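What follows is a single structure, written as structure tokens, with notes after it.
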Amino acid sequence: METQTTKEKVNTYQVAQGRVKRAVEQLDLPDDVYEWLKSPDRLVECGIPVEMDNGKIRVFTGYRSQHNNALGPYKGGIRFHPDVDADETKALSIWMTFKCAVARVPFGGGKGAVKVNPRELSMKELERLSRKYMQAMAPILGPEKDIPAPDVNTNAQVMAWMTDEYCKIKQHNDFGVITGKPLDMGGCVGRETATAKGTFYAIREAARVKNIALNEAQAAVQGYGNVGYYAALFLNQAECKIIAVNDSTGGAYNPNGMDPTALKEYKNETGSVKGFPGSDNITTEELYAMDCDILVPAALENQITADIARTVKAKIIVEGANGPTTPVGDMVLNDNGVLVVPDILANSGGVIVSYFEWVQNNYNYYWPEAQIEDRLQQKMMDAFHYIYDYHCDCSDKTTMREAAFMYALKRLADTMKTRGWWG
Ligand code: NAD
């Protein structure tokens, strides 16, 4: 997707490619490695004909991008959004390859999408669309091939319909084909909150290294869906004040802090966080310029442009969303000493617990919640510290994002070489 901002024209796919290229150069690897990784192994684009409630057929465009499977089967969510396109899907699949490598889960990278505004569909239409998407993609998916999960505007119910359709096609139950399923269909306890839990652990560790006490800190969160809401909730449980949040319809600000659960209930009732009792309306620009310690982007890509970055006062940005910072925005934040914990580390809690779900599906043996929680926490803390330490060991100018890409690329390139793919 190409986004026009005041000074930057950002193509998300080119951004993802640029990050890979930079890491290849920083590690002094041959061009062959970049040639392999600059584009997906496969992009499937298809028309998905769906019978609408009025009896008419509407054809939606669906995508699945399979970027790289050197480290394991392709893995990545399915997004339903009116603005998605092939480039955005390819970019997100590149991010997944690197995210899985950073988290040290044995998966490659993939991503799926349907160009649709799900809010315009009835539940029955949404179900037919989800099943038809699976019918179109089933030949390239599977627990050992490519494993989808929820992403923006998709949830456990959508995953249930898709999994059920896959099982019908295969004529047997094969729940490991998708993660993020409801519990009774082989879902994993804690998957719904996993991404935000992981983001919270990343925030907690970043606060530690920056000597910020969470119980005295103030945070602002962009996006109030799965990641944004739970990130706000976990921060608040650690006594951090949530002073600003927004969603696609507007924002709410209260310097005394807001209760995340009450905000969520208000959003469920009214469809927006805007107008939350006791708060003032704010714009996205005002949210990012907020006088606070921690910013959590948890909406979409390319939100923190150079112009926005120049206004940031927070000391830490922890990227719950995928690709929320543009390359120029990144440079400005780095120059201004803001610690940016990159998406491929900060939101990897989701894919980590997806990995736990997949392992349990394959074994047909399910772990208690405390075990999942402990293992997620351990994996996130490990990942934060080996990337943070790597970033500190590199030159002054190396950002945590660059360190994360280099760390992942090193693993990927070594494995690809061992497999005889280059060199
Ligand atoms: P979601 O659909 O549950 O929520 C998205 C939220 O962002 C909604 O509140 C929406 O209103 C808001 N939003 C959309 N456009 C906005 C804008 N311009 N300004 C402010 N708010 C806006 O989606 P989610 O699952 O929470 O995903 C959010 C981000 O996190 C995405 O980038 C996604 O790829 C990433 N992510 C999600 C997961 C996961 O497990 N859900 C895992 C990894 C990464």
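The values are calculated or read from the model by the stated rules, or taken from the named source; none is laboratory data. Everything numeric here is computed off the predicted structure, so don't read it as measured data. Cβ coordinates were reconstructed from backbone atoms using ideal geometry, including for glycine residues, and neighbour counts include every protein chain displayed.
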Might you check whether a residue that is closer than 30 Å to Ala70 by Cβ, touching an Asp or Glu at 6+ places or on another chain (Cβ under 8 Å), assigned to a helix (DSSP H, G or I) and within 16 Å of the ligand (Cβ to nearest atom) occurs anywhere in segment 158-169? no
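Identify, from the list Tyr355, Tyr386, the residue that is away from the ligand (no atom under 16 Å from the Cβ), surrounded by 15 or more Cβ atoms within 10 Å (Cβ to Cβ) and outside the structural domain of Lys315 (by TED's automatic domain parsing). Spell out how you get there, then give the answer.
Details: Tyr355 fails: away from the ligand (no atom under 16 Å from the Cβ).
When all the criteria are applied, what remains is Tyr386.
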Would you mind telling me which numbered condition in (1) at pLDDT 95 or above; (2) not in a helix (DSSP H, G or I) Lys21 fails? (2)
Would segment 170-177 turn up any residue that is within 16 Å of the ligand (Cβ to nearest atom) and buried (at least 24 other Cβ atoms within 10 Å of the Cβ)? no
Pairs needed: first member in segment 45-60, more than 21 Å from Glu88 (Cβ to Cβ); second member anywhere, among the hydroxyl-bearing types (Ser, Thr, Tyr); C-beta distance under 8 Å; at least 6 residues apart or different chains. Asp53/Ser122
Consider only pairs whose beta carbons are under 8 Å apart and that are at least six residues apart or on different chains; among these, list those whose first residue lies in segment 113-140 and is assigned by TED's automatic domain parsing to the domain that holds Asn54 and whose second residue is among the acidic types (Asp, Glu) and assigned to a helix (DSSP H, G or I). Ala113/Glu88; Ser130/Glu165; Arg131/Asp164; Arg131/Glu165; Met134/Glu165; Gln135/Glu165; Ala138/Glu165
Suppose we filter Ile387, Ile372 for residues that are assigned to a helix (DSSP H, G or I), modelled with pLDDT of 95 or more and in contact with a strand residue (DSSP E or B) (Cβ under 9 Å, 6 or more places away or on another chain); which single one remains? Ile387
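Has segment 359-370 got at least one residue that is over 18 Å from the mean Cα position of the chain (by Cα), buried (at least 24 other Cβ atoms within 10 Å of the Cβ) and within 27 Å of Pro148 (Cα to Cα)? I'd like the intermediate steps shown before the answer.
Start the filter on segment 359-370 by keeping residues that are over 18 Å from the mean Cα position of the chain (by Cα), which leaves 359-370.
So of that shortlist, the ones also buried (at least 24 other Cβ atoms within 10 Å of the Cβ) come out as 361.
Still in the list and also within 27 Å of Pro148 (Cα to Cα): 361.
Yes; the residues of segment 359-370 include at least one that is over 18 Å from the mean Cα position of the chain (by Cα), buried (at least 24 other Cβ atoms within 10 Å of the Cβ) and within 27 Å of Pro148 (Cα to Cα).
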Can you tell me how many residues in segment 298-310 are within 8 Å of the ligand (Cβ to nearest atom) and in contact with a Gly (Cβ under 7 Å, 6 or more places away or on another chain)? 3
Checked segment 189-208 for anything within 13 Å of Trp367 (Cβ to Cβ) and within 12 Å of the ligand (Cβ to nearest atom); matches are Gly190, Arg191
The correct count of residues that are free of Cβ contacts under 8 Å to residues at least 60 places away in the same chain and either surrounded by 19 or more Cβ atoms within 10 Å (Cβ to Cβ) or in a loop (DSSP other than H, G, I, E, B) (or both) in segment 265-289 is 14
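Restricting to segment 25-58, count the residues that are part of a helix (DSSP H, G or I) and at positive phi.
Taking segment 25-58 first, the residues part of a helix (DSSP H, G or I) are 25-26, 31-37.
Remaining after also requiring at positive phi: none.
Looking only at that region, the number is 0.
Looking at segment 392-419, which of its residues are part of a helix (DSSP H, G or I) and modelled with pLDDT under 95? Give the derivation first.
First pass over segment 392-419, keeping only residues part of a helix (DSSP H, G or I): 392-393, 400-418.
Listed by number, the residues that qualify are Cys392, Asp393.
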Among the residues of segment 221-233, is any at pLDDT 95 or above, more than 21 Å from Thr154 (Cα to Cα) and away from the ligand (no atom under 11 Å from the Cβ)? no
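Does any residue of segment 133-145 turn out to be away from the ligand (no atom under 16 Å from the Cβ), buried (at least 20 other Cβ atoms within 10 Å of the Cβ) and assigned to a loop (DSSP other than H, G, I, E, B)?
Residues of segment 133-145 away from the ligand (no atom under 16 Å from the Cβ): 133-145.
With the extra rule that they be buried (at least 20 other Cβ atoms within 10 Å of the Cβ), the set shrinks to 133-134, 137, 141.
From what's left, assigned to a loop (DSSP other than H, G, I, E, B): 141.
Yes: segment 133-145 contains one or more residues that are away from the ligand (no atom under 16 Å from the Cβ), buried (at least 20 other Cβ atoms within 10 Å of the Cβ) and assigned to a loop (DSSP other than H, G, I, E, B).
Take the conditions modelled with pLDDT of 95 or more, surrounded by fewer than 15 Cβ atoms within 10 Å (Cβ to Cβ) and either not assigned by TED's automatic domain parsing to the domain that holds Asn226 or not β-branched (Val, Ile, Thr) (or both) and apply them to Asp343. Does it pass?
Working: modelled with pLDDT of 95 or more: yes; surrounded by fewer than 15 Cβ atoms within 10 Å (Cβ to Cβ): no; either not assigned by TED's automatic domain parsing to the domain that holds Asn226 or not β-branched (Val, Ile, Thr) (or both): yes.
Here the answer is no, as Asp343 does not meet what is asked.
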What tally of residues in segment 319-341 results from selecting those that are at negative phi and within 12 Å of the ligand (Cβ to nearest atom)? 6
Failed criterion for Cys292 (all others in (1) more than 14 Å from the ligand (Cβ to nearest atom); (2) surrounded by fewer than 21 Cβ atoms within 10 Å (Cβ to Cβ); (3) not β-branched (Val, Ile, Thr) hold): (2)
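Residues checked against (1) away from the ligand (no atom under 16 Å from the Cβ); (2) buried (at least 24 other Cβ atoms within 10 Å of the Cβ); (3) within 28 Å of Gly228 (Cβ to Cβ):
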| site | (1), (2), (3) |
| --- | --- |
| Lys38 | yes, no, no |
| Asp41 | yes, no, no |
| Val44 | yes, no, no |
| Val59 | yes, no, no |
| His67 | no, yes, yes |
| Pro73 | yes, no, no |
| His81 | no, no, yes |
| Asp87 | no, no, yes |
| Val152 | no, no, yes |
